[in-house]
Amino acid sequence: MKNQATIVAILLLAMMTIMADNGFAMADNGFTFISSKFLAQGKFRALTESIYELPDGHLASFEIVTSPRPLAPTDPAVTCLAYNLTSSKFLLIKEFYPSLGRISYGTIAGLLDSRDTSSSNITERVLNAAKREAWEEGRVPLNSDAYINPTPCMMDKYVCTQLYSAFCAFNSSSPHSSEWNQDLRDEEEQGMEIVEVTEDELLELLHEGKFSVVGEWAVRRGLEMHKKYMNTNINK
Ligand SMILES: *[C@@H]1O[C@H](CO)[C@@H](O)[C@H](O)[C@H]1NC(C)=O
Ligand SMILES: *[C@@H]1O[C@H](CO)[C@@H](O)[C@H](O)[C@H]1NC(C)=O
Ligand SMILES: *[C@@H]1O[C@H](CO)[C@@H](O)[C@H](O)[C@H]1NC(C)=O
């Protein structure tokens, strides 16, 4: 009996190691990971099918959007609400949402990638990504005061993106949006427009439901950090 238990334990350990290699060692509240495979792989995202055993013993299949690189449990991404201290205005992204077929608003945002490996500290990697995206998308100077909320959220039940929210404040008299370099942007970012809005205009856009769900989340979290920043740095 004792030997059997040991063998089972070793087998379980081996299985967990294999799953961990795939990045799918997660099993929570009686939901046990069984397998995962790609259904389709595009340039920026992929559709995977993951099978889990439910607490009642049934198997259930979930279709999850992830990135096309080897299966990973989460893809970290960061949103960044940028604030221009010179004009007292927020920078927003106004762009076409092909999923909706209409224009919608959001904040600067991007995935963490190989350029964000300079530190093993996730907070520093997220900050690095936030500043890079703010520069690439909004020409926000790299020496901005940037903060992140250290607690990430999952984007959705079916999307494998772990979202961090950031806020950055900057002084600027640098070129305006028409002179920004489109070449720094990815293909899917072409055609996006940066708009500057006052806090009142921002709240009005929120009220009118002009943001995507993620955009609204990013703005609300960014506004919390903005409030804290203004209280400690400006309104002393
Ligand atoms: C990670 O970096 C942040 C920002 O520099 C720092 O506050 C934090 O203490 C670091 N965490 C660890 C575990 O080193
Ligand atoms: C912006 O400029 C003010 C006044 O020169 C300075 O005190 C502040 O540190 C600057 N902030 C940033 C983020 O550059
Ligand atoms: C920040 O505001 C100043 C003053 O309105 C403006 O000249 C500058 O272009 C703005 N910078 C950015 C990056 O939006």
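Of everything in the stretch 115-160, what is touching a Lys or Arg at 6+ places or on another chain (Cβ under 6 Å) and within 16 Å of ligand 2 (Cβ to nearest atom)? Give them in sequence order.
As a first pass, look at the stretch 115-160 and keep what is touching a Lys or Arg at 6+ places or on another chain (Cβ under 6 Å): 116, 119, 142, 146, 149.
Residues satisfying the conditions are LEU142, ALA146.
Residues are listed down the side, and each one gets a yes or a no for (1) modelled with pLDDT under 95; (2) in contact with a strand residue (DSSP E or B) (Cβ under 7 Å, 6 or more places away or on another chain); (3) in a strand (DSSP E or B):
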| position | (1), (2), (3) |
| --- | --- |
| THR17 | yes, no, no |
| ASP21 | yes, no, no |
| MET26 | yes, yes, no |
| PHE33 | yes, yes, yes |
| PHE38 | yes, yes, yes |
| SER50 | yes, yes, yes |
Original post:
Where residues in the stretch 101-114 are of a type in the set (Gly, Ala, Ser) and open to solvent by 30 Å² or more (accessible area, probe 1.4 Å), which of them is farthest from ligand 2 (Cβ to nearest atom)?
Top reply: GLY101
Original post:
Conditions: (1) more than 29 Å from THR86 (Cβ to Cβ); (2) more than 16 Å from ligand 1 (Cβ to nearest atom). ARG115 meets all but one. Number of the miss?
Top reply: (1)
Subject >> Residues of the stretch 94-118 classified as within 21 Å of PRO152 (Cα to Cα), at pLDDT 85 or above and not hydroxyl-bearing (Ser, Thr, Tyr), total >> reply: 6
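For the stretch 150-172, give me the residue count where each residue is closer than 15 Å to TYR83 by Cβ and either assigned to a strand (DSSP E or B) or under 17 Å from the mean Cα position of the chain (by Cα) (or both).
Qualifying residue count, the stretch 150-172: 6.
The values are calculated or read from the model by the stated rules, or taken from the named source; none is laboratory data. Keep in mind the model is a prediction, meaning the values are calculated, not measured. Positions of Cβ are generated from backbone atoms using ideal geometry, with glycine treated the same way; all protein chains shown enter the neighbour counts. These area figures cover heavy atoms from the full protein model, side chains too; ligands, DNA and RNA do not enter into them. Shrake-Rupley method; radii C 1.70, N 1.55, O 1.52, S 1.80 Å.
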